[in-house]
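Heads up: the structure comes next, in structure tokens.
The values are calculated or read from the model by the stated rules, or taken from the named source; none is laboratory data. Quantities reported herein were computed from a predicted structural model and do not represent experimental measurements. Here Cβ is always computed from backbone atoms with ideal geometry, including for glycine, and neighbour counts include all displayed protein chains.
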């Protein structure tokens with residue numbers, strides 16, 4: 001299920017609600033305000049670094065002949081080896097949510113491959 005943001009909640013309320021015109025206009029203005037705020041945010045240095053790590057993970061998985069565990073992904077690349085298992089797992093989860101990586105579980109062990 002997708003996360004319910006303020007913008008989505010306001011859009012739903014505007015679409016489904018039978019509000020007076022004044023209320024609908026006010027909700028639309030608030031929604032526009034939230035949209036402007038989210039559009040002007042720049043990614044943090046950590047978020048930018050994570051994008052680089054995600055690209056490296058994709059590269060490692062693309063070159064792999066089979067699905068890999070987190071530890072195998074880390075040993076395949078020195079840059080990823082310097083990261084903690086938890087951080088690599090979090091990055092993999094983001095890639096799974098984006099539909100770029102698939103996760104399979106065999107005998108209680110998680111394996112990752114390109115989608």
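Considered as a group, the residues in region 100-115 that are touching a helix residue (DSSP H, G or I) at 6+ places or on another chain (Cβ under 9 Å) and part of a loop (DSSP other than H, G, I, E, B) include one that is modelled with the highest pLDDT, and that residue is 100.
Looking at the structure I just gave you, is residue 83 within 25 Å of residue 46 (Cα to Cα) and either out of contact with any helix residue (DSSP H, G or I) (no Cβ under 8 Å at 6 or more places or on another chain) or assigned to a loop (DSSP other than H, G, I, E, B) (or both)? So residue 83 passes the test. Looking for something within 30 Å of residue 112 (Cα to Cα) and modelled with pLDDT under 95 - is there at least one such residue anywhere in region 19-33? No - not one qualifying residue is present in region 19-33. Kindly indicate whether residue 66 is modelled with pLDDT of 90 or more, in a loop (DSSP other than H, G, I, E, B) and exposed (fewer than 13 other Cβ atoms within 10 Å of the Cβ). Yes; evaluated as a whole, the condition is true for this residue.
For residue 51, indicate whether it is farther than 30 Å from residue 9 by Cα and at pLDDT 90 or above. Considered against the rule, which asks whether it is farther than 30 Å from residue 9 by Cα and at pLDDT 90 or above, residue 51 comes out as no. Within region 71-102, being within 26 Å of residue 2 (Cβ to Cβ) and over 15 Å from the mean Cα position of the chain (by Cα) holds for one residue alone: 86. Close contacts from region 50-64, counting a first residue that is outside the structural domain of residue 75 (by TED's automatic domain parsing) and touching a residue at least 12 places away in the same chain (Cβ under 8 Å) and a second that is part of a helix (DSSP H, G or I) and surrounded by fewer than 17 Cβ atoms within 10 Å (Cβ to Cβ), with Cβ to Cβ under 7 Å and a gap of 6+ residues or different chains, come to none at all.
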